[in-house]
1. What do you get when you divide the Cα radius of gyration of the range 18-133 by 2.2 N^0.38 Å, with N the number of residues?
2. Which of 125, 298 has the fewest other C-beta atoms within 10 Å, and how do the rest follow up to the most?
3. Based only on other Cβ atoms within 10 Å, what is the fewest-to-most ordering of 139, 342?
4. Taking 7 Å along the Cα-to-C-beta vector as the label spot, tell me the residue 310-residue 182 distance in nanometres, rounded to one decimal.
5. Cα convex hull of the range 232-351: mean projected area in nm², to one decimal?
6. Give me the Debye-computed log₁₀ of I(q)/I(0) at q = 0.13, 0.19 Å⁻¹ for the range 31-96, equal point scatterers on Cα only, no solvent, two decimals.
7. Percent relative contact order of the chain, based on C-alpha pairs within less than 8 angstrom and at least six residues apart?
8. Return the calculated 222 nm mean residue ellipticity for the chain, to the nearest 500 deg cm²/dmol, obtained by summing -39500 (n - 2.57) across DSSP H runs with n ≥ 4 and dividing by the residue count.
C-alpha cells in the first residue's frame with residue numbers, strides 16, 4: 001500500500017493543528033503508523049512542540065513554506081518513521097500560503113519519485129475572519145491583499161471545512177456555508193469542530209474519496225500574494241521562566257496572552273493568530289487568540305504548578321514586526337513578574353515573510 005498524504009490547509013488560526021492532532025489519533029487507533037510535518041517561516045513553532053508533546057512523530061520544515069522548499073518537505077517526510085515511510089503522512093502548511101495545489105500537490109505526483117496516495121485537499125475555514133471577509137466587510141481586520149490569500153485558499157480546495165461550529169450560532173454556520181457555495185460552487189462544505197469531534201466522521205469519509213482531486217490550479221498574482229503576506233508581522237520566541245516559588249502554568253499563559261491581546265486591541269492591530277505553549281516536566285498547556293474579536297482562550301489546560309517552564313510564543317499580527325517585538329518583550333516581563341517569576345529569552349525572531357518563490361509550479 002502506498003503511504004497516504006493528507007495536507008490540511010487554511011488561514012492562520014483556522015484550527016489546522018487541532019484537526020491534524022485528532023486525525024493522527026484516529027489513524028493510530030486503527031493501527032496505522034502516522035507521521036506529521038509542520039511548517040513555518042522560522043524555528044520555534046508552537047504547533048511542533050504541541051504535537052510532539054502529545055507523542056506524535058513530527059518533522060518540521062522551518063525557514064520557508066512547503067512550496068518554496070519542496071526538497072525539505074520530501075526530505076522531512078523520508079526521515080519520519082525510522083527509515084520507512086509512515087502509512088499516513090499529515091502535512092500542515094504555513095497558514096498564510098496558497099497556490100499549494102500547483103506548488104506542492106502536483107509536484108508530489110509528477111516530480112517526487114516516491115509513489116504516494118494523495119488525499120483530497122481540504123481547507124479549514126476560520127469563522128472569525130471568514131464571515132467578515134466573505135461578506136466583503138471593510139472591517140475584516142486585514143487589508144484586501146491579505147484577504148486575497150484567504151480567498152485563494154478556498155478557491156483551490158477540493159472541499160472546505162467550517163471549523164468551530166460548536167462556538168457558532170446555527171445562523172452563522174448557515175450563512176458561511178451559503179457564502180462559500182455561492183462564491184466557490186462545486187466544493188463540498190463540511191461542518192466540524194476539531195475540539196469536540198463534531199462532524200469528524202464526515203471529514204474522514206471525505207479524505208477516503210479518490211478521483212479528480214488536487215486539480216484546482218489557479219491564476220495567482222504573486223505580487224498581491226507577496227504583499228499580503230508581508231503585511232503581517234511574524235514573531236517566534238523561546239523563553240525560560242523560573243521561580244523559587246511554584247507558579248500556575250495555566251494562569252501565567254493566560255495572563256500573558258490577555259496582556260498581548262489588550263495591547264493589540266489598543267493599537268487596532270488585528271491578530272491572525274497568537275499562540276503560547278508552556279512545557280514543564282509534569283505537563284504542558286496552550287493558550288491562544290485567533291482574532292481580536294474572539295479573544296484569549298486556554299485551549300489546553302495543564303492544571304500544573306511548577307518552578308520552571310519553557311515557553312514558546314508565536315505571533316502573527318497585522319503590525320510592524322519591530323513593534324510586535326517590543327510588545328512581546330514588555331508583556332513577557334510583566335506577566336512573569338506578576339507571577340513572582342523571572343524570565344530569560346533564549347531566542348526572539350521578528351520579521352515580515354519574504355516573497356514566495358516556489359521550487360516547482362506545475363499548472
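Read the figures in this text as sums done on the coordinates, not as results from a lab. Being a predicted model, the structure only gives us computed values, none of them experimental. In this analysis, Cβ positions are derived from the backbone assuming ideal geometry, glycine residues included, and neighbour counts consider all displayed protein chains.
1. 1.06
2. Working: 125 30, 298 16.
Listed from fewest to most nearby Cβ atoms, that is 298, 125.
3. Details: 139 9, 342 13.
Going from sparsest to densest Cβ surroundings: 139, 342.
4. About 4.9 nm, to one decimal.
5. Numbers: hull surface 24.8 nm².
Answer in nm², one decimal: 6.2.
6. Results for the range 31-96 at q = 0.13, 0.19 Å⁻¹ read -0.31, -0.67.
7. Working: 775 pairs, mean separation 74.5, N = 363.
Relative contact order, the chain: 21 percent.
8. Theoretical 222 nm ellipticity from helices: -10500 deg cm²/dmol.
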